[in-house]
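Notes for the one structure printed next.
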Amino acid sequence: MNSLERTEASSSSRFQIDFKALGPFLALVALFVLGAAINDAFLSGGNLANIFTRAAFIGIIAVGATFVITAGGIDLSVGSMAAFISGAMIVVMNTLVATLGAGIETVLIGVLLSVVLGVAAGAVNGLVSTKGKIEAFIVTLGTMGIYRSLVTYMADGGTLSLDFEMRGVYRPVYYGDVLGIPVPVIVFFAVAVAGYVLLNMTPFGRKCFAIGSNEQVARYSAIHVDRVKTLTYVIQGLCVSLATIIYVPRLGSASSSTGVLWELEAIAAVIIGGTMLKGGYGRIWGTVVGAIMLTTIGNILNLTDAISNYLNGAVQGLIIIVAVFLQRGDWRRKKSK
Amino acid sequence: MTDAAVHAVNADLRAQTRLSGRQICKSFGSAQVLFDVSIDLKAGEVHALLGENGAGKSTLVKILSGYHQPTSGALLLDDAPVEFHDSEVAESHGVILIHQELNLAEQLTVEENIFLGREIKRGWFLDKTTMRLEAKKLLDQLQCDVDPRTRIRDLSVSDRQMVEIAKALSKKAEILILDEPTAVLTGREVDILFDQIKRLRDQGVAILYISHKLDEIKAIADRVTVLRDGRHITTEPVAGLEKDDMARLMVGRDIKQMFPDRAPGHAGDIALSVRNLSVDGQVRDASFDLRRGEVLGFAGIVGAGRTALMEAIIGLRERSAGTIERNGAPVTIKDLQDAKNCGIAYLTKDRKGSGLLLNMDMRPNLTLLALEKFGRVIIDRKAEEAALEAAIEAFDIRAADRKSKVGDFSGGNQQKLLLAKVMETDPEIVIIDEPTRGIDIGTKSQIYHFIGDLTNRGKSVILLSSEMPEMLGLSDRIAVMAAGRITGILEGNDRNEHEIMRHATGISGKQGVSVHE
Ligand SMILES: Nc1ncnc2c1ncn2[C@@H]1O[C@H](COP(=O)(O)OP(=O)(O)OP(=O)(O)O)[C@@H](O)[C@H]1O
Ligand SMILES: [Mg+2]
């Protein structure tokens, strides 16, 4: 960006822009200060690694959601999609153990399957809503039910467990580390960087912004609106598949309750990060911070007795509402200046 | 009572100043757009506000009606200081503004919009019957035969504007401000509006009227105030001013030549030919040729199918029949991308709804249509900035702050930006739909000369316009459409208003088809 121009902009508006961009970061810092004050163990390396590793799931899914929401859509099916993909992975890998043995090949086939399913599920959401001209909210509400019942059906109402031997082979994907950094955190970071570049620096990202701002203008600007929108759902599916690949070795099982409410956490992370729910403006780094914030809240509640851990959802909900309120307050000031 | 008698009765009311602004200043961020502007609105008088695009007219009237707060200066209502914290306070004092941009809820019906926030109730429930009747009465007054139950999104822009006016009338305005109400209206609708304005004026309402159409100012206004670059230039009776005088006061110089010179016989080979093109229910069997370096005008009344034909050519609308040739070779155009690859660009008449991303600044808007030019993998921001620099220069775009949203731009600057956006694709053929809607006279002339430059460089232009002087002043040939058909292509001496009207109404030329919506 042209720094000269930045300085030329009025000082008051510059302050506002900076404040808006920094808002989520400041809130996260405040949470960390709070955590450290409540319990010394909060800042220990182990606990921090724990927070970031857990944040990786929601975070990776939320990066995908940032694309969908920026382009003016919504995807409610991600939690069910994750459950369905993990169920399918477990079933296929368990079957393959008999023929291929519990080795890397089996894991790779499972991973490949996950990616194919994620892309396909995303494409279904995207194509049905664009070609069928049905609102994304409704389409993904439908597929949310479909994916969830598919996993229930595969598990016959119970739980699908990964073959014991397989767990040992697959384990490092979640529990391993590179130079002390947990693998999920590395994947999360890579996804975030890729997402940032794609959303902010490429024609595709620019088109997402344009479509979310005004579809009609996008159409008159020779943008293939349906194609771009469908691609955002495919990206979302891919992100869900990546998150699932990391998730399976952690739990080693899938059931009808896997991934319940993940869609809300993902959307919450996106919104807390400053992306506009009505589309046209998205921020990947905000989303990353949002995901970390949500996990940190749960973690702090675990470390203190002041509020019951069972109220985790209530506190998260409160934070989401406050975050959106603060953002709107900002719009207000801007309008009436 | 006769008109004269009414005037006489109101003579004493007349001198009375109702609302005035004193030394109004207004800044947005660091950009000051109004400097010490004062204005008086008197009962029973139509006061016109004139100025170039971006002169600050809309800003001033928004301050007068409580939508903006002045940075400094004061408002007086009946000579007593008032503060309009928001538009509701102003409305409670009878100050009603009809915005330049339409402000209707698209999903709601006409009647719901008219009574939005002021619903008539019976007990706890909405009194829909009364509201419908009232709405109908208001629309009848405007001779607008729109069903009050229609949703706004299904109405044409001019009908929407009439609904806006009906809404304002229903509010019993004492001070009525109209910000470019006629930019989207047809001639007949303008006459109806003027009748209403005169009726209100005779009832003692103070009226402030903004328009870029100097004929209208001559026809309706008693006094005129001219703004230039946010400063008050003059306030004087309209009677003593000619159109040229007004233009000079606005622009600050003489506009010597409104239209570019057109050297006869400069047209070259055929660049585009359209054969037997039809669109179901809208266009029937349209054929024409466009030559290199020529401006081909398309005239016709609203609904004649001009926009439908153009959108069908560029692939935005489905064709039911017809072929298109570029430089003699057939081409397939299925969508706008194909059209772009064929060197055809389209400038929409709806610059806010389909032209520009109002919530973004200039740079992404400028490059959106030609994005691949700025990098297929990663967008080259430096190149974008450079293109913006060049466009600002070439099209004389005047933005106080380069980072502000284009939604805050004046209409003229939005139009220039839209033109710049379309020209980024470096087209050979430009289809321009209503290039000067809501544009001031100086900028109009700039745009006309720009179109002239294009043709001098061998590009071809198709011009759709509802303004006759523009059509006649720019076009080499004029195709006239009526009821979905091209009823004639006028050349040479036939290029006159009379012939155009004859063809547009179907008196002359081929018979049209009946058009079903
Ligand atoms: N909300 C805003 N924020 C920043 N700048 C603004 C805002 N509103 C208007 N401006 C700027 O103020 C100047 C005056 O705009 P205004 O809309 O009053 O012009 P206008 O005389 O009504 O023009 P037009 O004839 O095109 O309607 C323009 O330069 C415009 O860009
Ligand atoms: Mg204006």
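The values are calculated or read from the model by the stated rules, or taken from the named source; none is laboratory data. Since the model is a prediction, treat every value here as computed from it, not as a measurement. Reconstructed Cβ throughout: ideal geometry from the backbone, glycine too, with neighbour counts over all protein chains shown.
Between a residue in region A:206-225 that is closer than 15 Å to B:Leu336 by Cβ and within 7 Å of chain B (Cβ to nearest Cβ) and any residue that is among the β-branched types (Val, Ile, Thr) and not in a helix (DSSP H, G or I), which pairs come within a Cβ distance under 6 Å, given they are 6 or more apart or on different chains?
As it stands, the answer is A:Tyr220/B:Thr348, since those pairs meet every condition given.
Where residues in region B:418-441 are more than 11 Å from ligand 1 (Cβ to nearest atom) and within 27 Å of B:Leu227 (Cα to Cα), which of them is farthest from the chain's Cα centre (by Cα)?
B:Ala420
Going residue by residue through region B:498-507, is there one that turns out to be surrounded by 19 or more Cβ atoms within 10 Å (Cβ to Cβ), without any contact (Cβ under 8 Å) to a residue 60 or more places away in the chain and among the β-branched types (Val, Ile, Thr)?
Within region B:498-507, not a single residue is surrounded by 19 or more Cβ atoms within 10 Å (Cβ to Cβ), without any contact (Cβ under 8 Å) to a residue 60 or more places away in the chain and among the β-branched types (Val, Ile, Thr).
Residue check: is B:Asn113 surrounded by 17 or more Cβ atoms within 10 Å (Cβ to Cβ) and touching a Ser or Thr at 6+ places or on another chain (Cβ under 8 Å)?
No, not satisfied.
For region A:60-70, does any single residue satisfy the condition of being within 14 Å of another protein chain (Cβ to nearest Cβ) and either in contact with a Phe, Trp or Tyr (Cβ under 8 Å, 6 or more places away or on another chain) or modelled with pLDDT under 80 (or both)?
For region A:60-70, residues within 14 Å of another protein chain (Cβ to nearest Cβ) and either in contact with a Phe, Trp or Tyr (Cβ under 8 Å, 6 or more places away or on another chain) or modelled with pLDDT under 80 (or both): present.
Any idea how many residues of region B:295-307 are of a type outside the set (Val, Ile, Thr) and either surrounded by fewer than 21 Cβ atoms within 10 Å (Cβ to Cβ) or touching a Phe, Trp or Tyr at 6+ places or on another chain (Cβ under 6 Å) (or both)?
2
Just to check your reading of the model, which residue among A:Phe32, A:Phe57 is closer than 28 Å to A:Val234 by Cβ, modelled with pLDDT of 85 or more and surrounded by 13 or more Cβ atoms within 10 Å (Cβ to Cβ)?
Going through A:Phe32, A:Phe57 in turn, just one is closer than 28 Å to A:Val234 by Cβ, modelled with pLDDT of 85 or more and surrounded by 13 or more Cβ atoms within 10 Å (Cβ to Cβ): A:Phe57.
Could you tell me whether region B:158-177 includes any residue that is acidic (Asp, Glu) and modelled with pLDDT of 90 or more?
yes
In a loop (DSSP other than H, G, I, E, B) and modelled with pLDDT under 90: does that describe B:Ala183?
yes
Kindly indicate whether B:His47 is of a type outside the set (Phe, Trp, Tyr), within 30 Å of B:Thr436 (Cβ to Cβ) and not assigned by TED's automatic domain parsing to the domain that holds B:Arg228.
Against the criterion (of a type outside the set (Phe, Trp, Tyr), within 30 Å of B:Thr436 (Cβ to Cβ) and not assigned by TED's automatic domain parsing to the domain that holds B:Arg228), B:His47 does not qualify.
Any idea which residue in region A:94-119 is farthest from A:Ala243 (Cα to Cα), counting only those that are assigned to a helix (DSSP H, G or I) and touching an Asp or Glu at 6+ places or on another chain (Cβ under 7 Å)?
Residue satisfying both the conditions and the ranking: A:Val97.
Please give the number of the condition A:Leu198 fails out of (1) at pLDDT below 95; (2) within 11 Å of chain B (Cβ to nearest Cβ).
(1)
A:Phe189 versus (1) buried (at least 24 other Cβ atoms within 10 Å of the Cβ); (2) assigned to a helix (DSSP H, G or I): which is the lone unmet condition?
Every condition holds for A:Phe189 apart from (1).
Away from every other protein chain (no Cβ under 14 Å), out of contact with any Ser or Thr (no Cβ under 9 Å at 6 or more places or on another chain) and at pLDDT below 80: is that true of A:Gly45 in this structure?
In short, no.
Among the residues of region B:381-401, write down those that are of a type outside the set (Gly, Ala, Ser), within 13 Å of chain A (Cβ to nearest Cβ) and within 16 Å of ligand 2 (Cβ to nearest atom).
Scanning region B:381-401 gives no hits.
Conditions (1) within 8 Å of ligand 1 (Cβ to nearest atom); (2) closer than 30 Å to B:Asp202 by Cβ; (3) among the acidic types (Asp, Glu); (4) touching a Gly at 6+ places or on another chain (Cβ under 8 Å), marked per residue:
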residue	(1), (2), (3), (4)
B:Leu49	no, yes, no, no
B:Gly54	yes, no, no, yes
B:Lys57	yes, yes, no, yes
B:Leu60	yes, yes, no, yes
B:Leu64	no, yes, no, yes
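Please report, ordered by residue number, the strands (runs of 3 or more DSSP E) entirely within region B:265-380 with at least 1 residues that are out of contact with any Cys (no Cβ under 7 Å at 6 or more places or on another chain), within 9 Å of chain A (Cβ to nearest Cβ) and at pLDDT below 90.
Counting at least 1 such residues, we get no strands (runs of 3 or more DSSP E) at all.
Between A:Thr275, A:Thr230, A:Thr296, which is closer than 30 Å to A:Val91 by Cβ and either among the β-branched types (Val, Ile, Thr) or over 13 Å from the mean Cα position of the chain (by Cα) (or both)?
After applying the criteria, what remains is A:Thr230.
Give the residue, chosen from B:Glu83, B:Glu101, that is surrounded by fewer than 16 Cβ atoms within 10 Å (Cβ to Cβ) and within 16 Å of ligand 2 (Cβ to nearest atom).
On inspection, the qualifying residue turns out to be B:Glu101.
Can you tell me which residue in region B:330-357 is surrounded by the fewest Cβ atoms within 10 Å (Cβ to Cβ), limited to those that are among the β-branched types (Val, Ile, Thr) and touching a residue at least 60 places away in the same chain (Cβ under 8 Å)?
Ranking the candidates gives B:Thr348 first.
Can you pull out the residues in region A:119-142 that are crowded, with 23+ Cβ neighbours inside 10 Å and more than 17 Å from A:Arg227 (Cβ to Cβ)?
A:Ala121, A:Thr140
Just need a number here: residues in region B:34-77 that are at positive phi, out of contact with any helix residue (DSSP H, G or I) (no Cβ under 7 Å at 6 or more places or on another chain) and away from ligand 2 (no atom under 13 Å from the Cβ).
2
Does region B:193-205 contain any residue that is within 16 Å of ligand 2 (Cβ to nearest atom) and either modelled with pLDDT under 90 or assigned by TED's automatic domain parsing to the domain that holds B:Ser20 (or both)?
no
Looking at (1) buried (at least 18 other Cβ atoms within 10 Å of the Cβ); (2) modelled with pLDDT of 95 or more, find the lone condition where A:Val116 falls short.
Status for A:Val116: all satisfied but (1).
Residues A:Val178, A:Val111, A:Val197, A:Val169: which one is free of Cβ contacts under 8 Å to residues at least 24 places away in the same chain and more than 26 Å from A:Gly273 (Cα to Cα)?
A:Val178
Tell me, which helices (runs of 4 or more DSSP H) wholly within region A:127-184 include 1 or more residues that are at pLDDT 95 or above and out of contact with any strand residue (DSSP E or B) (no Cβ under 9 Å at 6 or more places or on another chain)?
A:136-154
Testing B:Gly411 on (1) buried (at least 17 other Cβ atoms within 10 Å of the Cβ); (2) within 13 Å of another protein chain (Cβ to nearest Cβ), one condition comes back false. Which one is that?
Status for B:Gly411: all satisfied but (2).
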